[in-house]
């Protein structure tokens, strides 16, 4: 395996500058997953593409998820700094093409390219934190990036609406250029210089299989409800994805420098942490995507005001990220923080399972705050736990595994909750003579309902939303069980040896991870 690595530290006094550049990059990549949501109708109108407009969002998610493992491995092999600058350049070029697109195929194609760059920016950023910061301090910095995700999920749709209404939807993409150039300029100066390691063959077969698996998973989760969960297309995708996953194992075992090292998947720390990230992200995006819809439809607020109503959730997320990052300086506390976050998130979902059409705004704010506190603690701890269990030469691959799991979890959560919401709402309104043209996914159509039916329909939508959160809650219970099986982190493991200057092997990290798990 290649021994490529970064230098031990960034330029003198450049840690703060390096982190600011990385945060800007993650903000741009995260925003481009959400900023287009409120601009899609205008895009469809201007580009005459109503039938295929959903691909504008799906193309970015699909591409960014598919390339995550490859970017992570290439960073391990050839140095993360140069790969980070390359991925950011791809993202910015694609952003300009998106902003200048004259038809829908051009826009979708540019979104694929933008996703390729965005996926690299995210996974390489997480791995670069592992290069720059010692294991005991990673939690504090990783927490900042988790906060960025939460803020982007709320701010993105608002910015998309403002750009669309006040300027043009094209600015949702073009605004990336000045911010991205600033981030690249700072990163080029502040990030540690990359050193090329020994030559190694790129695992093209493994990368292709992983990209195909990611494509199948994203297509199933994104279009399962639209195409029909029992349709030949979805069933065929599921069967093909499972077959490719089974084929991936022997392919990676034979590869000289596998994109997904099989020995890494023998570590319970990596596997369990990635699964926790999957379930936690599924719950998080079910909250972040659908609570604004609930506020707009049931409480009749605008898109802008719905974002303001969500501020308690963002405040809880940011505060808990900051506190968890400080606590994580004590390695032994990682599992305690993770369990606290999962329990708070579970409590938040159970509280959201009680909301109705008449739930008071103050009560909602308390529920949102508790949910945000839980959401904020989890992503940072998951990533830090995994990074502290592997040697520096595998930081990129390990970060990619977690990022990949979280991306699929986000798509899964949005798709499953959307299906639960649609089914629950349809069951509660079956037989009601609703007005023609009413669409639960579009808050503005609520005004078309006859006054006599409006309260009934709003209550049905609120109850369907609440029931959806009750159905999602057990995923966090599974996460809690996995966190208990992780066992407490130990400074004597890979993280501890690394901080003492020794270079741990992946085998020793796996052994440490296994030793920290109580016997079943």
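The values are calculated or read from the model by the stated rules, or taken from the named source; none is laboratory data. Since this is a predicted model, take the numbers as computed values, not measurements. Every residue, glycine as well, gets a Cβ built from its backbone with ideal geometry; the counts of neighbours run over all protein chains shown.
Quick notes on this one:
- The one condition in (1) under 27 Å from the mean Cα position of the chain (by Cα); (2) modelled with pLDDT of 55 or more that residue 5 fails to fulfil: (2)
- Residue count for the stretch 297-308 under the criterion of being closer than 16 Å to residue 355 by Cβ and buried (at least 20 other Cβ atoms within 10 Å of the Cβ): the result is 3.
- In the stretch 452-475, the qualifying residues are those that are more than 13 Å from residue 424 (Cα to Cα) and without any contact (Cβ under 8 Å) to a residue 60 or more places away in the chain, and the one that is surrounded by the fewest Cβ atoms within 10 Å (Cβ to Cβ) is 452.
- Sole residue being at pLDDT 75 or above, within 15 Å of residue 383 (Cα to Cα) and surrounded by 23 or more Cβ atoms within 10 Å (Cβ to Cβ), chosen from 341, 348: 341
- Qualifying residue in the stretch 190-208 (condition: out of contact with any strand residue (DSSP E or B) (no Cβ under 6 Å at 6 or more places or on another chain), assigned to a strand (DSSP E or B), in contact (Cβ under 8 Å) with a residue 60 or more places away in the chain and over 30 Å from residue 381 (Cβ atoms)): yes
- Residues that are more than 30 Å from residue 269 (Cβ to Cβ), at pLDDT 70 or above and over 29 Å from the mean Cα position of the chain (by Cα) do occur in the stretch 405-426, at least one of them.
- Whichever residue in the stretch 243-262 is touching a helix residue (DSSP H, G or I) at 6+ places or on another chain (Cβ under 6 Å) and surrounded by fewer than 17 Cβ atoms within 10 Å (Cβ to Cβ) and, among such residues, is nearest to residue 75 (Cα to Cα): 262
- In this structure, residue 356 qualifies as surrounded by fewer than 17 Cβ atoms within 10 Å (Cβ to Cβ), touching a residue at least 24 places away in the same chain (Cβ under 8 Å) and in contact with a helix residue (DSSP H, G or I) (Cβ under 7 Å, 6 or more places away or on another chain).
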